[in-house]
Amino acid sequence: MWVYEKTLQYPVNLKCRDLRMAKVIMTQLGGPNGELAAALRYLQQRYTMPTGKSKGLLTDIGTEELAHVEIISSMIYQLTDGATPEELKAAGMDTNYAQFGHGIQPTDSNGVPFTTAYINVFSDPVTDLHENMAAEQKALATYYQLINLTDDPDIKDVLSFLGQREITHYQRFGEALMDVYDFTECKKIF
């Protein structure tokens, strides 16, 4: 069903440790508007889409969101690489360290664990696609806000790429919505 290439969708080569940025970027890993929530939402919603085109789109974008989980995780690991327990504590990442060592668990930037409550699957294709468009806009706003929190060009570069993908996904969901509307209108013609 998928071909997995063992490379990141976009390169992550961060040169400087920045625990403060790692902590706020965590929201895009396990927060309500993050990549993990989007991936699971889209991959679950595809089952109730009425057309092959809309099902395929949700599969494609859901899979790409998993690639974004890899990118965000790579960023966090690179930004925290070699950090001491004292540095993690100073950055407010001590609770993660206490429970998981240097492993990064999907949480938001406040340490609230990922929950499936973030995944909205309504079973009405129109409602789900509108939800997805809103989710992409919220993720884009989060990427802009993260960009505003750093001066590091390498971090900005990766966050800008991810933000651009949110715009593309928003547009594709709009196209899928039109496809679903066309399909439902077609069914009313006798």
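The values are calculated or read from the model by the stated rules, or taken from the named source; none is laboratory data. A quick note: this is a predicted structure, and the numbers were derived from the prediction, not measured. Positions of Cβ are generated from backbone atoms using ideal geometry, with glycine treated the same way; all protein chains shown enter the neighbour counts.
The residue of the stretch 78-101 that is modelled with the lowest pLDDT, among those that are within 13 Å of MET26 (Cβ to Cβ) and hydrophobic (A, V, I, L, M, F, W, C), is PHE100.
The residue that is nearest to TYR10 (Cα to Cα), counting only those in the stretch 75-108 that are among the hydroxyl-bearing types (Ser, Thr, Tyr) and in contact with a Pro (Cβ under 9 Å, 6 or more places away or on another chain), is THR107. For the stretch 51-64, filtered to residues that are hydroxyl-bearing (Ser, Thr, Tyr) and surrounded by fewer than 23 Cβ atoms within 10 Å (Cβ to Cβ), the residue that is nearest to GLY103 (Cα to Cα) is THR63.
Residues of the stretch 44-85 that are acidic (Asp, Glu) and more than 30 Å from TYR181 (Cα to Cα): GLU70, ASP81.
Reported count of residues in the stretch 66-108, each being under 30 Å from PRO125 (Cα atoms) and out of contact with any Leu (no Cβ under 8 Å at 6 or more places or on another chain), is 2. On the given criteria, is GLU65 farther than 23 Å from PHE161 by Cβ and within 16 Å of the chain's Cα centre (by Cα)? Here the answer is no, as GLU65 does not meet what is asked. Looking across the stretch 81-124, just one residue is in a helix (DSSP H, G or I), in contact (Cβ under 8 Å) with a residue 40 or more places away in the chain, surrounded by fewer than 18 Cβ atoms within 10 Å (Cβ to Cβ) and in contact with a helix residue (DSSP H, G or I) (Cβ under 7 Å, 6 or more places away or on another chain), and that is GLU87. Taken over the stretch 125-160, the criterion of being of a type outside the set (Lys, Arg), over 19 Å from TYR42 (Cβ atoms) and part of a helix (DSSP H, G or I) is satisfied by TYR144, GLN145, LEU146, ILE147, ASN148, PRO153, ASP154, ILE155, ASP157, VAL158, LEU159, SER160.
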